[in-house]
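This report concerns only the one structure given below.
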Amino acid sequence: MGHDAWMRLALEVAAQAGDDVPVGAVVVREGEVIASAHNRREKDNAPFAHAELLAMEQAARALGTRRLTGCTLYVTLEPCPMCAGALVMAGIDRCVFGAFDRQYGCCGSVYALPLDYHFAHRVEVIGGVLEEEAGALLDAFFARQRAAR
């Protein structure tokens, strides 16, 4: 499967987020999904329950190691500073994201943390995959939030 197909799966996962910001993440290794998660910050009252962190933690458990070498993370929104740092620390090979986050995005928009030469490990980053679909999902969520106020 190509990047678009994996991102479509991440979008399906994001759609399950309920009252949380609809961000979905899928970890793929050797052509197989080994983990998936959506944001759970509101549901779990957990500031660190971002889709990327939950999916990488699940992947580490599935592989029996904290090192996610050989894995690609597909996520519907550009990772924030916390999640971008986690990509580096987990040793993941690649991050493919959908919508750019011009406010907090740290995989190219505000900063390119996974590509910083100061770190021993750098993560390949591919942004804008199914950007319109990912952005539309987020826009619809925030429109519902505004209407409910």
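The values are calculated or read from the model by the stated rules, or taken from the named source; none is laboratory data. No experiment lies behind these values; they were computed from the predicted model shown. Cβ atoms come from the backbone with ideal geometry, glycine included; neighbour counts cover every protein chain shown. Just the protein is used for accessible areas: all its heavy atoms, side chains included, with ligands, DNA and RNA removed. Shrake-Rupley method; radii C 1.70, N 1.55, O 1.52, S 1.80 Å.
Which condition number in (1) over 20 Å from GLU132 (Cα atoms); (2) open to solvent by 10 Å² or more (accessible area, probe 1.4 Å); (3) hydrophobic (A, V, I, L, M, F, W, C); (4) in contact with a Leu (Cβ under 7 Å, 6 or more places away or on another chain) is the one that LEU11 fails?
(1)
Please tell me if ALA134 is crowded, with 16+ Cβ neighbours inside 10 Å and more than 11 Å from the chain's Cα centre (by Cα). If you could, list the steps in order and put the result at the bottom.
Numbers: crowded, with 16+ Cβ neighbours inside 10 Å: yes; more than 11 Å from the chain's Cα centre (by Cα): yes.
Here the answer is yes, as ALA134 does meet what is asked.
Restricting the stretch 31-46 to residues that are in a loop (DSSP other than H, G, I, E, B) and open to solvent by less than 40 Å² (accessible area, probe 1.4 Å), which is farthest from THR76 (Cα to Cα)? It would help to see each step written out before you state the result.
Within the stretch 31-46, the subset in a loop (DSSP other than H, G, I, E, B) is 31, 39-40, 45-46.
Then keep just the ones that are open to solvent by less than 40 Å² (accessible area, probe 1.4 Å); that gives 39, 46.
Values: ASN39: 11, ALA46: 20 Å.
For the stretch 31-46, the residue satisfying everything is ALA46.
Going by the conditions given, is ARG146 open to solvent by 20 Å² or more (accessible area, probe 1.4 Å) and in a loop (DSSP other than H, G, I, E, B)? If you could, list the steps in order and put the result at the bottom.
Numbers: open to solvent by 20 Å² or more (accessible area, probe 1.4 Å): yes; in a loop (DSSP other than H, G, I, E, B): no.
In short, no.
Quick check: is even one residue across the stretch 59-76 among the aliphatic types (A, V, I, L, M) and in contact (Cβ under 8 Å) with a residue 60 or more places away in the chain?
Filtering the stretch 59-76 down to residues among the aliphatic types (A, V, I, L, M) leaves 59-60, 62-63, 68, 73, 75.
With the extra rule that they be in contact (Cβ under 8 Å) with a residue 60 or more places away in the chain, the set shrinks to 75.
For the stretch 59-76, residues among the aliphatic types (A, V, I, L, M) and in contact (Cβ under 8 Å) with a residue 60 or more places away in the chain: present.
Quick check: is even one residue across the stretch 117-124 open to solvent by less than 40 Å² (accessible area, probe 1.4 Å) and touching a strand residue (DSSP E or B) at 6+ places or on another chain (Cβ under 7 Å)? Quick ask: steps written out before the conclusion?
To start, the set of residues in the stretch 117-124 that are open to solvent by less than 40 Å² (accessible area, probe 1.4 Å) comprises 123.
Within this subset, residues satisfying the condition of being touching a strand residue (DSSP E or B) at 6+ places or on another chain (Cβ under 7 Å) are 123.
Yes, there is a match, as at least one residue in the stretch 117-124 is open to solvent by less than 40 Å² (accessible area, probe 1.4 Å) and touching a strand residue (DSSP E or B) at 6+ places or on another chain (Cβ under 7 Å).
For the stretch 57-92, which residues satisfy the criterion of being in a loop (DSSP other than H, G, I, E, B) and surrounded by fewer than 16 Cβ atoms within 10 Å (Cβ to Cβ)? I'd like the intermediate steps shown before the answer.
Our first condition is that a residue be in a loop (DSSP other than H, G, I, E, B); within the stretch 57-92, this holds for 64-70, 78-80, 91-92.
Of everything in the stretch 57-92, those that are in a loop (DSSP other than H, G, I, E, B) and surrounded by fewer than 16 Cβ atoms within 10 Å (Cβ to Cβ) turn out to be GLY64, THR65, ARG66, ARG67, THR69, GLY70.
State which residue is modelled with the lowest pLDDT when the search covers only the stretch 114-143 and only residues that are among the small types (Gly, Ala, Ser) and not in a loop (DSSP other than H, G, I, E, B).
ALA143
For the stretch 57-70, state whether one or more residues are of a type outside the set (Phe, Trp, Tyr) and under 21 Å from TYR111 (Cα atoms).
Within the stretch 57-70, the subset of a type outside the set (Phe, Trp, Tyr) is 57-70.
Right, trim to under 21 Å from TYR111 (Cα atoms) and you get none.
No, the stretch 57-70 contains no residue that is of a type outside the set (Phe, Trp, Tyr) and under 21 Å from TYR111 (Cα atoms).
What are the pairs, 6+ residues apart or on separate chains, where a residue within the stretch 96-117 that is over 20 Å from CYS71 (Cβ atoms) has its Cβ under 6 Å from a residue that is crowded, with 23+ Cβ neighbours inside 10 Å and hydrophobic (A, V, I, L, M, F, W, C)?
ALA99/LEU77; ALA99/ALA134; ASP101/LEU77
Does at least one position in the stretch 103-113 carry a residue that is in a strand (DSSP E or B) and surrounded by 23 or more Cβ atoms within 10 Å (Cβ to Cβ)?
Taking the stretch 103-113 first, the residues in a strand (DSSP E or B) are 107, 112.
So of that shortlist, the ones also surrounded by 23 or more Cβ atoms within 10 Å (Cβ to Cβ) come out as 107.
Yes, there is a match, as at least one residue in the stretch 103-113 is in a strand (DSSP E or B) and surrounded by 23 or more Cβ atoms within 10 Å (Cβ to Cβ).
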